[in-house]
């Protein structure tokens, strides 16, 4: 079941960006087969806390997928891979540029076998350009991409975000969008294509608003001084009496007016975007006011005030929140090895296909024999593949 039922992907990616992309698509019904090498497999299996066999990180990213062990460095492994390509719609890979060509399974080779194939390469800096061979991680992509310089307090150092912006937003999500667009194109024309998705490119696309202004007035955005990063009192994070925080997003005049009236500061209503020393004074006065009550008390105080004010929650509190539970963003299922598993739900709500966990995250190579038999290999051939370490 699912919006993408009937579509099949071979996923050669590892760690976070690629598996997050294929998770989104698998949750929507696409059949995803992870191709893992017989030596290490997806490194994420051993990263982070492990209860019994696989890590929590791997479990979180690989539900609704299958796993097959395949050695792409031997000719028998490539033979199996080529037969798979004949029956699959999409290939996702996250190697450095040129690796797939050196293995003899690059886009041109595979396209000759399957003209409708959608081949998506997800990398740090893309398949061409002076940085194409350069190694990197999330912090490097957001650093070189200008995002990191914008995060943090005015007089402080850039702040490393608590979640991976480039891996997820600049990489995994962009790859999923690209693949879906290519599917639509293929439905119309029958043509497959090659997709080059770079996390660094994706990060830069997040700068659209800031870049648009800079290109117009040549004014550089500065950390902690932008309209939506702490410049004004109406869009701030304020500490409370108990050491917690409140987020205020009263950006529109009506919300700011409601906020000011609620706290008895009507004089601030017309000074929402005032500059100079008075801007700082207003922020400081509201900051001191918030320190007079606990976070819980402020939430109660504002419960009937339409002012875009919410508490800053910890991760544990998020998954106890009634709205999160109502929206089914916390899911629970029984894993055959790991036992009861709790995970983040899928954010896409479909009227036709409610989200479901069809299968748990696969064990390393769990579906190898099943897949080989499905594509027509005999038991004798499978035995030979084992002997030559192709599987």
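The values are calculated or read from the model by the stated rules, or taken from the named source; none is laboratory data. Source: prediction; values computed, not measured. Note that each Cβ is placed from the backbone with ideal geometry, even for glycine, and that neighbours are counted across all protein chains shown.
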Revision key, fill the gap. Within region 186-216, residues being outside any loop (DSSP other than H, G, I, E, B), out of contact with any helix residue (DSSP H, G or I) (no Cβ under 8 Å at 6 or more places or on another chain) and over 24 Å from residue 123 (Cα atoms) number 9
Check your understanding: Which members of region 257-276 meet the condition of being under 19 Å from residue 306 (Cα atoms), out of contact with any helix residue (DSSP H, G or I) (no Cβ under 6 Å at 6 or more places or on another chain) and in contact (Cβ under 8 Å) with a residue 40 or more places away in the chain?
Key -> 258, 259, 262
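Please specify each residue of region 61-80 satisfying the condition of being in a helix (DSSP H, G or I) and either more than 28 Å from the chain's Cα centre (by Cα) or without any contact (Cβ under 8 Å) to a residue 24 or more places away in the chain (or both).
75, 76, 77, 78, 79, 80
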Exercise for review: Considering every residue within region 339-348, establish whether at least one is under 30 Å from residue 52 (Cβ atoms), touching a helix residue (DSSP H, G or I) at 6+ places or on another chain (Cβ under 9 Å) and assigned to a helix (DSSP H, G or I).
Suggested key: no
Exercise for review: Would you tally the residues in region 349-374 being part of a loop (DSSP other than H, G, I, E, B) and touching a residue at least 24 places away in the same chain (Cβ under 8 Å)?
Suggested key: 16
Exercise for review: Determine, yes or no, whether residue 357 is surrounded by fewer than 14 Cβ atoms within 10 Å (Cβ to Cβ) and within 22 Å of the chain's Cα centre (by Cα).
Suggested key: no
Exercise for review: Could you tell me whether region 4-20 includes any residue that is part of a helix (DSSP H, G or I), at pLDDT 95 or above and out of contact with any helix residue (DSSP H, G or I) (no Cβ under 8 Å at 6 or more places or on another chain)?
Suggested key: no
Practice item. Using the structure shown, decide if residue 122 is touching a helix residue (DSSP H, G or I) at 6+ places or on another chain (Cβ under 7 Å), part of a strand (DSSP E or B) and buried (at least 17 other Cβ atoms within 10 Å of the Cβ). Key: yes
Revision key, fill the gap. Conditions (1) modelled with pLDDT of 95 or more; (2) under 25 Å from the mean Cα position of the chain (by Cα); (3) part of a loop (DSSP other than H, G, I, E, B) -> residue 152 fails only (1)
Practice item. Using the structure shown, decide if residue 178 is in a helix (DSSP H, G or I), more than 30 Å from residue 95 (Cα to Cα) and not assigned by TED's automatic domain parsing to the domain that holds residue 286. Key: no
Point to revise | Positions within region 32-60 being within 10 Å of residue 361 (Cα to Cα) and outside any helix (DSSP H, G or I), in sequence order | key: 54
Check your understanding: Only one residue in 129, 116, 143, 106 is under 24 Å from residue 78 (Cβ atoms), without any contact (Cβ under 8 Å) to a residue 24 or more places away in the chain, out of contact with any strand residue (DSSP E or B) (no Cβ under 6 Å at 6 or more places or on another chain) and assigned by TED's automatic domain parsing to the domain that holds residue 72. Which one?
Key -> 106
Revision key, fill the gap. Across (1) farther than 20 Å from residue 242 by Cα; (2) in contact with a helix residue (DSSP H, G or I) (Cβ under 8 Å, 6 or more places away or on another chain); (3) at pLDDT 95 or above, residue 290 clears everything bar (1)
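Here's a check for you: in region 313-333, which residue that is in contact (Cβ under 8 Å) with a residue 24 or more places away in the chain and under 23 Å from residue 50 (Cβ atoms) is surrounded by the fewest Cβ atoms within 10 Å (Cβ to Cβ)? Walk me through it before giving the result.
Taking region 313-333 and keeping what is in contact (Cβ under 8 Å) with a residue 24 or more places away in the chain, we get 328, 331, 333.
Narrowing further to those that are under 23 Å from residue 50 (Cβ atoms): 331, 333.
Numbers: 331: 15, 333: 13.
Of everything passing the filter in region 313-333, 333 is surrounded by the fewest Cβ atoms within 10 Å (Cβ to Cβ).
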